[in-house]
Amino acid sequence: MEEIQLDFTELKELYRCYMPFLKNGGLFVRTARPYRMGHSLSLLVTLPDALEAVRVTGKVAWLTPQGAQSSTPAGIGVAFIDDKFQLQDKIEKLLGGMLDSTEPTYSL
């Protein structure tokens, strides 16, 4: 299974990438590489101020092609499938009130 490493150093970038509207959460991954819906991936995610990365597996559930409107970067949204380390909970705890923000994200 392909693995993608994501290192978040700022909460603002994590907010832009987090996809709370997916059932178990998910993350937007900026990439120009083409993927298909349902493609299985493993993400190795380092959250801001974390000492260790957390591994989560998922499937592509969102596609943003190059040249999309609103200057949104090209990429994919990976829906969490196997979240043994409760990455969704860790992200939502870190983001707290930011989740109610009207500031745009990479997906919505």
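The values are calculated or read from the model by the stated rules, or taken from the named source; none is laboratory data. Since this is a predicted model, take the numbers as computed values, not measurements. Neighbour counts are summed over all protein chains in view; Cβ atoms, including those assigned to glycine, are modelled from backbone coordinates with ideal geometry. Areas reflect the complete protein model, heavy atoms only, side chains present, ligands, DNA and RNA absent. Shrake-Rupley method; radii C 1.70, N 1.55, O 1.52, S 1.80 Å.
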Problem set entry | Residues located in the stretch 3-50, provided they are among the hydrophobic types (A, V, I, L, M, F, W, C) and out of contact with any Leu (no Cβ under 8 Å at 6 or more places or on another chain) | Leu22, Phe28, Ala32, Leu41, Ala50
Exercise. What number goes with the only condition from (1) touching a residue at least 24 places away in the same chain (Cβ under 8 Å); (2) open to solvent by 10 Å² or more (accessible area, probe 1.4 Å); (3) among the hydrophobic types (A, V, I, L, M, F, W, C) that Leu51 does not pass?
Worked result: (1)
For this session: Can you run down the residue pairs with Cβ atoms below 8 Å, 6 or more apart or on separate chains, where the first is in the stretch 26-46 and in a loop (DSSP other than H, G, I, E, B) and modelled with pLDDT under 95 and the partner is open to solvent by 70 Å² or more (accessible area, probe 1.4 Å) and polar (S, T, N, Q)?
Result: Ala32/Gln66
Exercise. For residues in the stretch 6-25 being in a strand (DSSP E or B) and closer than 18 Å to Ala79 by Cβ, which is most open to solvent (accessible area, probe 1.4 Å)?
Worked result: Leu6
For this session: Among the residues of the stretch 56-88, write down those that are among the charged types (D, E, K, R) and either open to solvent by less than 70 Å² (accessible area, probe 1.4 Å) or at pLDDT 95 or above (or both).
Result: Lys59, Asp82, Asp83
Exercise. Say we look at the stretch 33-48 and pick out the residues that are out of contact with any strand residue (DSSP E or B) (no Cβ under 6 Å at 6 or more places or on another chain) and under 15 Å from Leu6 (Cβ atoms); which of these is most open to solvent (accessible area, probe 1.4 Å)?
Worked result: Arg33
